[in-house]
Amino acid sequence: MKRAMLALVALIGARILPAQCDTIPAVQGDGPRSPCVDRVVTLGGVVTASFAGMQGFFLQDPAGDADPATSDGIFIFAGTGQNLPPRGVLATVTGRVVEFARAGSPGSVTEIDVRSGVVETAGQAEFARYAVLNPEGDFENALERFEGMLVAYPKSIALGPANGFGEYYALRMDRVPLTVRLFPSSFAGGLPVLIDQAGGAFRKQVKTFDLVGDLLGVLHFDFGHYRIEPVFDYVVSDGGLVPAATPATDGYLRVAFMNCERLVRQLTPAQLEQKLARLAEAIRTWLGSPDIVGVAEVEDLDLLERLGARAGNYKGVLLKGCDFSGINVGVLYDASRIRKFSETQLQGEAPQFRNGRCTLADGRAFSQFLFDRPPLAVDFAAGNVVFSVIVNHWRSRIGGNQAERIAGAEFLADEIARLGRENLIVLGDFNDSEDSPSLLTLTERTGLADLAWLVPADGRYSYIFEGVSEALDHILLSPSLIPSLGAYGYAHFNADFPVRAADHDAPYVILR
């Protein structure tokens, strides 16, 4: 009984004693959060990297604790305008342990906030120890134990282009074939890592399939993702991917869709000029000057017609919706070849602007409806063939729910039945894949054929998000038009490349 009581006292004491927080591994702990949060600690180590843009530096215990579950490195947040210690010096810091999390982003990173603390440096240190990353299985837990450490990532292949912040995803080449495209269903042989070039001086223009040499950097967590911040320069070799245009196939009707990625008036004059020039070049060169181009993310009719004039002899159709950022769907049509009859929004009720607020006629908020950017139906004729085009830009899946998306598909199916058009082309950015419940609902209820299913799997994509390629943009045809189908596919001139007109590739169809 006495032994049992002593064991119980020891167990209780172990639980209430404060954690030992005198080394970096102890502060990091073996879980997603530090056991030392809000404690003021003094830690020593070697500075592995300093980034003025991040307002801090990385410190690593040169010996470590030999525990694979705890990280030996940590980020030190110094604040604005501080003189950061250079890489390779010994440093001792005194500051408060925090778990920093950005609003709206999952997860947090353990940091030492030294804005009211002390940073002392000594001489240079010989330090070449690093961990080799090979994340598999539970991605977040696989990388948590390296948070803040100097890490190596062996030769890899880029899964998408570097974005405007210099970020791109890469996957180790010893885990994949030489040219791999990651699709939602193909997570095999390891997981991709985010390379973040924003913090340092080693910024590369990277496109899909480029070959990335051995990389040495520090592993950080920010904006909900683990990322490698390169510490030394590295080599990126051309992977050979080049833009692809629509085929030069004859037909009586060429139709394409292009998300214009915010053709809006908030752009500076120089930005707007560059945007219009690149979009117009895309329509002429990569899309082969289609008869009709459905568009998304255009602010107003004037901007759309400015684009049409730059691209050729195009007229525009655009009816405003109530997207909070002011973007809308529209249509460009070549007035020398195509006749337009009528246009209408398929929203059920037209929105009205009152006192800067978008409402319906009975005062309900427009957000209660299914579409921020209502589908736009336009009736056309090409020669003796009369047909209709419905342009879509459905809400993003981020923050949305499946029931709402299915309800939107059902609404559109009902509207299509009400219109009763025989020759129908439904296209747009549906923000969903060809096998999603929402698109399957639309095709099953209308009999429309989603042409994405006809594209070979390795080319069935229009957008790359976090290294994963998927088809978000689609063209659907009514059964009456299927016998005229000449060619269909995606013109891949945007999604894989850092310098581009917009962030989506364009689906196209040629009818004979």
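Couple of notes before you dig in:
- For the chain, convex hull volume per residue from C-alpha positions, Å³: 205 Å³
- Dimensionless Rg/Rh of region 253-511 - Kirkwood Rh, Rg from C-alpha atoms: 0.93
- Loop-located trypsin sites (Lys or Arg not before Pro) in region 209-313, at most 12 other Cβ atoms within 10 Å (DSSP): Arg265
- On the beta carbon distance between Ser342 and Trp453, with R0 = 35 Å, the FRET formula returns roughly 0.70.
- Our estimate of slack between Arg265 and Val386, defined as 0.36 nm per intervening residue step minus the Cα-Cα distance, is 40.1 nm.
- For the chain, a crude dipole built from +1 on the beta carbon of Lys and Arg and -1 on the beta carbon of Asp and Glu, taken about the Cα centre, is about 640 debye to the nearest 20.
- Within region 45-59: backbone nitrogen closer than 20 Å to the Glu120 label point (7 Å, Cα to C-beta): 45-48, 57-59
- Above 20 Å, the calculated P(r) of region 82-166 contains 59 percent of its Cα-Cα pairs.
- Here region 25-86 was treated as a single set of alpha-carbon atoms; its pair distances binned every 5 Å from 0 give 4, 18, 25, 23, 20, 9, 2, 0 percent.
- Straight-line cross-link reach from Lys204 at under 19 Å between alpha-carbon atoms covers these lysines, not counting any fewer than eight positions away in the same chain: Lys155.
- Here, region 244-316 is characterised by an Rg to Rh ratio of 0.97, where Rg is the alpha-carbon radius of gyration and Rh the Kirkwood radius.
- Farthest toward the positive end of the dipole of the chain, out of Val93, Leu272, Phe165, is the Cα of Leu272, where the dipole comes from beta carbon charges about the Cα centre.
- Full extension of the chain segment joining Ala103 with Asp214 gains 36.6 nm, where the gain is 0.36 nm per residue of separation less the Cα-Cα distance.
- Straight-distance candidates among the lysines for linking to Lys320, with alpha-carbon spacing under 29 Å and chain neighbours fewer than 8 residues away dropped: Lys275, Lys340.
- For the chain, the cysteines with no partner cysteine C-beta closer than 4.7 Å are Cys260.
- Contact order normalised by residue count of the chain, Cα under 8 Å, 6+ apart, percent: 11 percent
- Computed [θ] at 222 nm, deg cm²/dmol, the chain (DSSP H ≥ 4; -39,500 (n - 2.57); rounded to nearest 500): -4500 deg cm²/dmol
- To the nearest ten degrees, helix 402-419 and the longest principal axis of the Cα atoms of the chain are 10 degrees apart.
Values in this text are rule-based calculations from the coordinates and carry no lab data. Values in this document were obtained by computation on a predicted structure and should not be read as measured data. Every residue, glycine as well, gets a Cβ built from its backbone with ideal geometry; the counts of neighbours run over all protein chains shown.
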